[in-house]
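Let me begin by presenting the structure, written as structure tokens, before commenting on it.
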Amino acid sequence: MKKIGFIIVTLSMLLLVVVGCSSKEGEASTSKDETETSASNEPVEIEFWYGQGGTLAETIERFITEFNDSQDKVKVTGVAQGNYDETYQKLQAGIAAKQVPAAVLLENDATRSLISKQAIEPMDRYIEKQADFQPEDFVESFYNQGTVDGTQYALPLYGTTQVLYYRNDVMEELGLSTDDLKTWESLGEAAAKIKEEKGMKGWMPMWGSGNLIDAAYSNGGQIISEDGKEVLIDSPEWVEAWEFFRKAIHEDKTMGINHGGQGWEYWYKTIDEVMQGKAFGYTGSSGDQGDLDFSIVSAAPQPGWEGHDAAPAAGALLGAIPSSASDEQKAAAFEFLSFFTSAEKTADWSMSTGYIAVRKSAKDVEEFKAYAEENPQILVPLEQAQSATPPFVDPTGGKILDALSIAADKVEIEGVSAEKALQEAKKTAQSALDAVQ
């Protein structure tokens, strides 16, 4: 009997231990679930890197605030870089160090280069899950910039093209008209007249290869042959266009150019010279409109050349998601980029900055329609984009464009003849192209 009693007591004690342990495990499990639930209620925090300043940076930060206030699942922090190139360089360093933003604003060529290295996340799975995304509503040429081999890797956040900005008072005082801005030859004559009669710079192209490439396109030039095997940047169309600017800057002194400085310093210095009456006008981005006073200046499309219609480039700046971001960061980044590219926000962006809206339906937004009636300059980039040249996709990963940038500095800054600078660039670029054939 004593043995039986002992067994019963022992079993009872074991039962209590088991129940106690189960209770503690249950409490621990419940506590863990609550922790996970609490954590899941916290917003996913991501960074958006962009290389902008001035009104553009202010507008981006406003969009970020509006997105953050519109929901509680994602919190975006904007991180401004000096310019597009600096953003790309820092992103490359971040990829190497495995410390990347979840979303980044990039130029077309940088995006393509990173896609080729599998450093950019495909967006198709996110697009398919978002019922109201409507990819067909995007301006096709802009949307296609983010497409490679049928896969969507990036979204166009805004379109851009280079247009003319000129002072109304000088135009009126000297009896000039917009007809004087329709070809580079006639604009060059107007610049000479302005220098002689007003003692100011007749025109200011923007530093870099962009304006010069546009001028070559408008003169019938191509970067590479149709079969993709020959670099054509030393053709007569290129040499004639670039030499026109070299002569105007360094010999006739009818044009001027600012260069160097930190970030966009040279750009804003050029704008300031026009706004302060030191120059008649300049060639600048559609996105400059947010920094300009249109009671002083007006906008016009870029010129062509005698015998050639204008054909400057128009392209989009792209929002991309680095593939090394976490899955939850990638999903959060896509939500933000979708917000940025909605019809209402792309219309808002265009009104605030002058950049081109990326959705067709933006023109149906009531605020945009009313704004365009009062501010016709916003339609100039749209007009120009209709006949623009698509952005060049460099098959060498940027080496052809780098060669053109070096040549542009030689022509614009050093005064080297266009023929010599472009022949040297052709040699470098052709070697790079041959290496990838």
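The values are calculated or read from the model by the stated rules, or taken from the named source; none is laboratory data. All values reported here derive from a predicted model rather than from experimental measurement. Neighbour counts are summed over all protein chains in view; Cβ atoms, including those assigned to glycine, are modelled from backbone coordinates with ideal geometry.
Is it the case that the range 325-340 has a residue that's outside the structural domain of Glu196 (by TED's automatic domain parsing), in contact with a strand residue (DSSP E or B) (Cβ under 6 Å, 6 or more places away or on another chain), under 29 Å from Ser361 (Cα atoms) and in a loop (DSSP other than H, G, I, E, B)?
Within the range 325-340, none of the residues are outside the structural domain of Glu196 (by TED's automatic domain parsing), in contact with a strand residue (DSSP E or B) (Cβ under 6 Å, 6 or more places away or on another chain), under 29 Å from Ser361 (Cα atoms) and in a loop (DSSP other than H, G, I, E, B).
Would you confirm, using the coordinates I've provided, whether Ala279 is under 29 Å from Val104 (Cβ atoms) and either surrounded by fewer than 19 Cβ atoms within 10 Å (Cβ to Cβ) or not polar (S, T, N, Q) (or both)?
On the way: under 29 Å from Val104 (Cβ atoms): no; either surrounded by fewer than 19 Cβ atoms within 10 Å (Cβ to Cβ) or not polar (S, T, N, Q) (or both): yes.
So Ala279 fails the test.
Could you please let me know if Ala320 is farther than 20 Å from Val380 by Cα, at pLDDT 95 or above, of a type outside the set (Ser, Thr, Tyr) and in contact with a Leu (Cβ under 7 Å, 6 or more places away or on another chain)? Let's see the steps before the verdict.
Numbers: farther than 20 Å from Val380 by Cα: yes; at pLDDT 95 or above: yes; of a type outside the set (Ser, Thr, Tyr): yes; in contact with a Leu (Cβ under 7 Å, 6 or more places away or on another chain): yes.
Taking the combined requirement at face value, the residue satisfies it.
Considering only residues that are in a loop (DSSP other than H, G, I, E, B), exposed (fewer than 11 other Cβ atoms within 10 Å of the Cβ) and of a type outside the set (A, V, I, L, M, F, W, C), which ones fall in the range 112-140?
Of the range 112-140, the ones in a loop (DSSP other than H, G, I, E, B) are 117-119, 121-123, 130-134, 139.
Filter once more, keeping what is exposed (fewer than 11 other Cβ atoms within 10 Å of the Cβ): 118, 131-132.
Matches in the range 112-140: Gln118, Asp132.
Return the residues of the range 220-256 that are among the acidic types (Asp, Glu) and either surrounded by 21 or more Cβ atoms within 10 Å (Cβ to Cβ) or within 21 Å of Gly307 (Cβ to Cβ) (or both); say none if nothing qualifies. Talk me through it step by step, then tell me what you get.
First, pick out the residues of the range 220-256 that are among the acidic types (Asp, Glu): 226-227, 230, 234, 237, 240, 243, 251-252.
Asp234, Glu237, Glu240, Glu243, listed by residue number.
So the check is Cβ under 7 Å with 6+ separation or different chains; which pairs have a first residue in the range 286-307 that's not assigned by TED's automatic domain parsing to the domain that holds Tyr355 and in a strand (DSSP E or B) and a second one that's modelled with pLDDT under 95 and crowded, with 19+ Cβ neighbours inside 10 Å?
Ala299/Val380; Ala300/Val380
Given the structure, is Ala425 part of a helix (DSSP H, G or I), among the small types (Gly, Ala, Ser), in contact with a Ser or Thr (Cβ under 7 Å, 6 or more places away or on another chain) and not assigned by TED's automatic domain parsing to the domain that holds Ala131?
Numbers: part of a helix (DSSP H, G or I): yes; among the small types (Gly, Ala, Ser): yes; in contact with a Ser or Thr (Cβ under 7 Å, 6 or more places away or on another chain): no; not assigned by TED's automatic domain parsing to the domain that holds Ala131: yes.
Spelling it out, it is not the case that Ala425 is part of a helix (DSSP H, G or I), among the small types (Gly, Ala, Ser), in contact with a Ser or Thr (Cβ under 7 Å, 6 or more places away or on another chain) and not assigned by TED's automatic domain parsing to the domain that holds Ala131.
Residue check: is Ile378 touching a strand residue (DSSP E or B) at 6+ places or on another chain (Cβ under 7 Å), crowded, with 21+ Cβ neighbours inside 10 Å and not in a strand (DSSP E or B)? Give the derivation first.
Working: touching a strand residue (DSSP E or B) at 6+ places or on another chain (Cβ under 7 Å): no; crowded, with 21+ Cβ neighbours inside 10 Å: yes; not in a strand (DSSP E or B): yes.
So Ile378 fails the test.
Being of a type in the set (S, T, N, Q) and free of Cβ contacts under 8 Å to residues at least 12 places away in the same chain: is that true of Ser235 here? Step through it out loud before you land on a result.
Details: of a type in the set (S, T, N, Q): yes; free of Cβ contacts under 8 Å to residues at least 12 places away in the same chain: no.
Here the answer is no, as Ser235 does not meet what is asked.
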